[in-house]
1. Which one of these does A221 not meet: (1) open to solvent by less than 50 Å² (accessible area, probe 1.4 Å); (2) among the small types (G, A, S); (3) within 30 Å of V347 (Cα to Cα)?
2. Please go through region 172-196 and pick out each residue that is open to solvent by 20 Å² or more (accessible area, probe 1.4 Å), within 12 Å of T151 (Cα to Cα) and touching a strand residue (DSSP E or B) at 6+ places or on another chain (Cβ under 8 Å).
3. Just to be sure before I move on: is K140 under 19 Å from the mean Cα position of the chain (by Cα), part of a loop (DSSP other than H, G, I, E, B) and of a type in the set (D, E, K, R) in the structure I sent?
4. Here are some conditions: (1) within 27 Å of M349 (Cβ to Cβ); (2) open to solvent by 20 Å² or more (accessible area, probe 1.4 Å); (3) at pLDDT below 85; (4) outside any loop (DSSP other than H, G, I, E, B). K385 meets all but one. Which one does it not meet?
5. Identify, by number, the condition in (1) open to solvent by less than 20 Å² (accessible area, probe 1.4 Å); (2) over 28 Å from the mean Cα position of the chain (by Cα); (3) farther than 29 Å from R341 by Cα that V158 doesn't meet.
6. With respect to L268, is the statement that it is modelled with pLDDT of 95 or more and surrounded by 17 or more Cβ atoms within 10 Å (Cβ to Cβ) true?
7. From the residues in region 329-363 that are in a strand (DSSP E or B) and among the polar types (S, T, N, Q), which one is farthest from N145 (Cα to Cα)?
8. Any residue in region 164-171 that is in a helix (DSSP H, G or I), surrounded by fewer than 16 Cβ atoms within 10 Å (Cβ to Cβ), free of Cβ contacts under 8 Å to residues at least 40 places away in the same chain and over 26 Å from the mean Cα position of the chain (by Cα)?
Amino acid sequence: MPVPEPESASAESQSLTKAQKKAEGRARQEQQRAAKAAQKQQQQSGQNAGSSSNKSKGSTVQKKPASESNKLSSAAASSSKDAPTTREGAVGADGLSDGPKSRGLRIFSHFGLPKTPGHQIKGDIHPAIVKLGLQFSEFKICGANARCIATLTAFKTVIQDYVTPPHNTLSRHLMTHLSPQITHLVTARPMSVTMGNAIRQLKLEISGSDIDLPEQDAKDALCQEIDNYIRDRIIIADEVIEDLAVKKIKDGDVVLTYARSSLVEKILLRAHSLNKRFSVVVIDSRPLLEGKTLLHSLTSVIPPIPCTYALLPALPSLITDADIVLLGAHSLHANGSVYSRAGTAMVAMLAKEHSVPVMLCCETYKFSETVMLDGFGKNELAPMKFSLDAPKSNSNLEVLNPLYDSTPASCITAVVTEVGLIPPTSISSIPLALGRTTL
């Protein structure tokens, strides 16, 4: 019998034709979808640009092939990318000039920008928090300890004025009530590590408060916990650090310090009260020039402490006379890096180069579990009011005043804490030694 090869071949050709038809249909549908999407994108770009030519043509839009519409959409995208952005004196849609705008560099765009004193108030904000936010934004309250104490004191007022709504418990609803207060303070100025640690501890105390306790007793207990935190972690800790650091100052020493740290100021005044004879070199820098406040405090005692005041460029000529360097800190991180006032890294590095011991005075509540490698990942900019002369509107200069920098652990000789003198890389071992999970 003859084999029916032609029939099988025809069946294969028919199935192949069906598959080809399906593939062609799918390709045609995708091409139509791409053409419609390109036309829609072109219409939206035309509407945003406010072109009058598209309006005069009427509502009917002529369809174009996919290749042509793709070219138009790519051309529109490239033209929008190449269009220059207005920076200063931009004219709005109403024909009015928006005035000069701060340009800023892209690598600093993530820094905490200074806020205007009258920033918008969102939500139910307590008057004490509004006042504190204004003081933060205007830099009337500076320093990690001062900001933390002011924040906790304001929260005591908020808690005392708080009333638990019906069908709610204080331990749950108070957390919701405090959230917009914290957000308002962060809006006024970026939160410091000390504030973050204190607020975290306060939330822990609120969540652990007894539900059966009367409301006023619970609020009094929370306020007492806030007072205990300020007393134990700041006031008493500072006294212990003073006792440890004063022993490192000998008669005839020249103590060099940078900017102003409230803890370093207490140490120097304590050493003076113990009749130790030493002199102080105060190194300062812009924009805040906090060293002037320290200089006034040291020279106001009787008898005044011999002091030398100089700006940061004069440091190389003065570091050779120093016997010890005392520095303060904004925060101390897990890898041992010190986050402090901008210029601290230069002082510590130059002191190490000249074999001058660098003692960092820092309470344990300033420790952070994060790792900081440089001062560019996180920082804050000082307001323009601290600058001498603002650049002209037609100038290409931009004034940037970062407030903090990062000092590597290799430049710090020892960290003076309330638990003793430790190397900066041994921070993570302190909670275990104290029997705690966190500091």
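1. (3)
2. Correct list: empty.
3. Values: under 19 Å from the mean Cα position of the chain (by Cα): yes; part of a loop (DSSP other than H, G, I, E, B): yes; of a type in the set (D, E, K, R): yes.
Yes: the conditions hold for K140.
4. (1) is the only condition that K385 fails.
5. Failed condition: (2).
6. Values: modelled with pLDDT of 95 or more: yes; surrounded by 17 or more Cβ atoms within 10 Å (Cβ to Cβ): yes.
Spelling it out, L268 is indeed modelled with pLDDT of 95 or more and surrounded by 17 or more Cβ atoms within 10 Å (Cβ to Cβ).
7. Within region 329-363, the first condition is being in a strand (DSSP E or B), and the residues that meet it are 331-332, 338-341, 358-361.
After this cut, where a residue has to be among the polar types (S, T, N, Q) as well, the list is 331, 340.
Numbers: S331: 11, S340: 13 Å.
Among residues in region 329-363 that are in a strand (DSSP E or B) and among the polar types (S, T, N, Q), the one farthest from N145 (Cα to Cα) is S340.
8. Taking region 164-171 and keeping what is in a helix (DSSP H, G or I), we get 170-171.
Those left that are additionally surrounded by fewer than 16 Cβ atoms within 10 Å (Cβ to Cβ): none.
Within region 164-171, none of the residues are in a helix (DSSP H, G or I), surrounded by fewer than 16 Cβ atoms within 10 Å (Cβ to Cβ), free of Cβ contacts under 8 Å to residues at least 40 places away in the same chain and over 26 Å from the mean Cα position of the chain (by Cα).
The values are calculated or read from the model by the stated rules, or taken from the named source; none is laboratory data. The shown structure was predicted, so the numbers you read here are calculated from the model rather than taken from an experiment. When we count neighbours, we look across all protein chains shown, and the Cβ atoms used for this are built from the backbone with ideal geometry, even at glycine. These accessible areas exclude ligands, DNA and RNA; they are computed on the full protein's heavy atoms, side chains included. Shrake-Rupley method; radii C 1.70, N 1.55, O 1.52, S 1.80 Å.
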